[in-house]
1. Of the residues in segment 169-187, how many are surrounded by 16 or more Cβ atoms within 10 Å (Cβ to Cβ), of a type in the set (A, V, I, L, M) and either outside the structural domain of Gln208 (by TED's automatic domain parsing) or more than 18 Å from the chain's Cα centre (by Cα) (or both)?
2. Right, Val108: closer than 27 Å to Ala168 by Cα and β-branched (Val, Ile, Thr) or not?
3. Given the residues His101, His66, His80, which is the only one that is more than 30 Å from Gly152 (Cβ to Cβ), at pLDDT below 90 and of a type outside the set (A, V, I, L, M)?
4. Just to confirm my filter: which strands (runs of 3 or more DSSP E) fall fully inside segment 63-175 and include at least 3 residues that are farther than 30 Å from Gly220 by Cβ?
5. Looking at (1) within 21 Å of Ile244 (Cβ to Cβ); (2) surrounded by fewer than 18 Cβ atoms within 10 Å (Cβ to Cβ); (3) over 18 Å from the mean Cα position of the chain (by Cα), can you tell me which one Ala144 breaks?
6. Taking the conditions exactly as written (over 30 Å from Thr160 (Cα atoms), at pLDDT 90 or above and either touching a helix residue (DSSP H, G or I) at 6+ places or on another chain (Cβ under 9 Å) or surrounded by fewer than 14 Cβ atoms within 10 Å (Cβ to Cβ) (or both)), does Asp114 satisfy them or not?
7. Taking segment 208-225 only, how many residues are in a loop (DSSP other than H, G, I, E, B) and buried (at least 16 other Cβ atoms within 10 Å of the Cβ)?
8. Quick test of your reading of the structure: Val212 fulfils all but one of (1) over 19 Å from Gln117 (Cβ atoms); (2) aliphatic (A, V, I, L, M); (3) in contact with a Leu (Cβ under 7 Å, 6 or more places away or on another chain). Name the failing condition by number.
Amino acid sequence: MTVEAAIPPDSGELWTGSGPAARPAQPPVSMIERMTLILEAFDGATPTLTLVGLAERTGLPRSTVHRILDQLIRLRWLAHAPGGYRLGTRTLELGGLAAEHNEIRDAVSPLLHDLCQRTKMIGHLGVLEGREVLFLDKAGGRCAAAVPTRLGGRMPAHSTALGKAMLASLEPSIVDVSFRDRLPQFTPRTLGDRAELHRELTRTRQRQGVAVDNEESLPGIACVAVPIRSRGAAVAALSLSGRIGGEQAVPDTARLARVLVEAAHEAGRSLLPRQARRC
């Protein structure tokens, strides 16, 4: 679903000035703009604000602020506090998640790019978010255009080697919660239902976490992936992709898996000191 902000064509810059007390030059017209304005009203000097204070800082009508506050509290973006309102736990959760993703990328990306240079294949670094894989990095030079993925992009986990490598580390009951509906089909080879997905994840576990995508997400593209483990948990996954046949063809899966497993072990070791500092 795409959400677009409806900005009048002649409005120019929507906000003027800077800082949390800056008032809009024209009233924001979309719900997303109004919510953002309210969240940005909080700062280190004023972590708690009243309804009146929020209305003054945002320039929004008090009735509008009150209505949006109810929704933001229900969704945990804000919370009640003595003397007014404060930022909620969801902002902390997302901030921590972003920091962790940056930490993983900083530690693993050099290994990924070196791996792609050595193998002449297309590499991805990804993390699991529910039913999807979020791509934290992609490497492969000019060859990378053969696979239409991008940094920050997402793909359904059940159709990718990255996703299956991480799903295989979860308890089957947890997988069931995420995949209750019929699985979307992208090619004739895409896994079609939960039973088929569970059989594939069992095979992945029997290969010590090595997952394979054989034209399941894109026709003509094959991929091998392995999880990156830190403190025993699969925090991310590495993959190498290539065309079936041709110059960047995927070589023998077992040989490719050995290269990936070695890189994943090194990646896990490089993450340990960072996680220790965070603890």
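1. Within segment 169-187, residues that are surrounded by 16 or more Cβ atoms within 10 Å (Cβ to Cβ), of a type in the set (A, V, I, L, M) and either outside the structural domain of Gln208 (by TED's automatic domain parsing) or more than 18 Å from the chain's Cα centre (by Cα) (or both) number 1.
2. Details: closer than 27 Å to Ala168 by Cα: yes; β-branched (Val, Ile, Thr): yes.
Yes: the conditions hold for Val108.
3. Numbers: His101 fails: more than 30 Å from Gly152 (Cβ to Cβ); His66 fails: at pLDDT below 90.
Being more than 30 Å from Gly152 (Cβ to Cβ), at pLDDT below 90 and of a type outside the set (A, V, I, L, M) holds for just one of His101, His66, His80, which is His80.
4. Values: elements: 78-81, 84-87, 122-129, 132-139, 154-156.
Filter on segment 63-175 gives 78-81, 84-87.
5. Among (1) within 21 Å of Ile244 (Cβ to Cβ); (2) surrounded by fewer than 18 Cβ atoms within 10 Å (Cβ to Cβ); (3) over 18 Å from the mean Cα position of the chain (by Cα), the lone unmet condition for Ala144 is (2).
6. Numbers: over 30 Å from Thr160 (Cα atoms): no; at pLDDT 90 or above: yes; either touching a helix residue (DSSP H, G or I) at 6+ places or on another chain (Cβ under 9 Å) or surrounded by fewer than 14 Cβ atoms within 10 Å (Cβ to Cβ) (or both): yes.
Answer is no for this residue.
7. Kept after step one, since they are in a loop (DSSP other than H, G, I, E, B), are these residues of segment 208-225: 208-210, 215-220.
Filter once more, so that each one left must be buried (at least 16 other Cβ atoms within 10 Å of the Cβ): 209-210, 215-218.
Qualifying residue count, segment 208-225: 6.
8. Going through (1) over 19 Å from Gln117 (Cβ atoms); (2) aliphatic (A, V, I, L, M); (3) in contact with a Leu (Cβ under 7 Å, 6 or more places away or on another chain) one by one, Val212 breaks only (3).
The values are calculated or read from the model by the stated rules, or taken from the named source; none is laboratory data. Remember, it's a predicted structure, so these values are computed and weren't measured experimentally. Positions of Cβ are generated from backbone atoms using ideal geometry, with glycine treated the same way; all protein chains shown enter the neighbour counts.
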